[in-house]
Amino acid sequence: MTLVPPGEGRLWVIGCGNMGRALLDAALGAGLSPDRVSVVDPAMPGDLDPAIRTAPSPALLGEIPTAVLFAVKPQLLQAASGELAPHVPAGAIILSILAGTSTEVLRQRFPRALVVRAMPNTPARIGRGVTALFADHESAAARQFAQDFFAASGEVVWLDDERLFDAVTAVSGSGPAYLFHFIEALACAGESVGLPQDLSRALARRTVTGAAALAEHSDEEPEELRRQVTSPRGTTEAGLAQLMPELTGLVSRTVAAAARRSAELAAETAPEEPAAD
Ligand SMILES: NC(=O)c1ccc[n+]([C@@H]2O[C@H](COP(=O)([O-])OP(=O)(O)OC[C@H]3O[C@@H](n4cnc5c(N)ncnc54)[C@H](OP(=O)(O)O)[C@@H]3O)[C@@H](O)[C@H]2O)c1
């Protein structure tokens, strides 16, 4: 399947940092033609395909988009949307990945556009991401473009309740960082029981990625896979006796804190209530 911006038009990428670049590269890998793409980013990534047009601001592109990947930091919403909005025509599709930024806020900024809100995650860099999508309109064209665009970097799930975004952000958006830290902790623990640093790091990384791949490819639930490697009175049982009483509560507090922060970010960018007379 070839990914084509709606109306055989142009895709603008506004903010081509870590996540914007990962999603753009995946889309190019899925057949999006670079000569249909323009990138706006003051940092001007230097190693883009030469067919991609670049500019430090939308006003300098001298064209209009039919779709936009909006991928700046949430704190830059006001400045970046202020520069972008005059160039977004009626019916253009805005794919926003800004954490904590609601479709209501985005609609205020881009009143004539069709907004699809997304929460991707960093494994998108290798085509193994998962993205949650939400749209509060029924445009089949916008939904299909969003589906195809994000499917280029991994799995796609649609939410029917936007309020789930805080929880999704806390689980799959932030989740890769929790797993990276688990690898660090396992490597550190290996050193403390006598492994050389390099060996411990290699074992920890391969164990987590191998176990994750097994969980993905097995028909059995993770709980069952854990039982299968836990012999009575064996080494795994001894280790889990330390881990399990702590981990469930710890992960639960971790996810709750991230969800709270997502809600705080949402409150910071929430539209102002109209003043009472
Ligand atoms: N990273 C993740 O795991 C993840 C996951 C899900 C969602 N997100 C969301 O993705 C968004 C981007 O995150 P990120 O990690 O990719 O951030 P990032 O690496 O800082 O990328 C943002 C890019 O936008 C550029 N920029 C700043 N002002 C701009 C403007 N007015 N117009 C166009 N570009 C502008 C920045 O340039 P300068 O560096 O020069 O400022 C930077 O290159 C955030 O809203 C975040 O909530 C991230």
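The values are calculated or read from the model by the stated rules, or taken from the named source; none is laboratory data. Since this is a predicted model, take the numbers as computed values, not measurements. As a convention, Cβ positions derive from the backbone with ideal geometry for all residues, glycine included, and neighbour counts pool all protein chains shown.
Total residues in the range 5-40 satisfying the condition of being closer than 18 Å to residue 63 by Cα, modelled with pLDDT under 95 and under 21 Å from the mean Cα position of the chain (by Cα): the figure is 1. For the range 120-143, filtering for residues that are in contact (Cβ under 8 Å) with a residue 24 or more places away in the chain and either of a type outside the set (S, T, N, Q) or in contact with a Cys (Cβ under 9 Å, 6 or more places away or on another chain) (or both) leaves 16.
Scanning the range 108-147 for residues that are within 14 Å of residue 68 (Cα to Cα) and among the charged types (D, E, K, R) turns up 109, 112, 117, 143. In the range 81-113, the qualifying residues are those that are charged (D, E, K, R) and touching a Ser or Thr at 6+ places or on another chain (Cβ under 9 Å), and the one that is nearest to residue 40 (Cα to Cα) is 83.
Scan the range 108-119 for residues that are surrounded by 14 or more Cβ atoms within 10 Å (Cβ to Cβ) and free of Cβ contacts under 8 Å to residues at least 12 places away in the same chain and the total you get is 0. Of 123, 176, all but one fail to be closer than 20 Å to residue 22 by Cβ, modelled with pLDDT of 95 or more and touching a strand residue (DSSP E or B) at 6+ places or on another chain (Cβ under 8 Å); the exception is 123.
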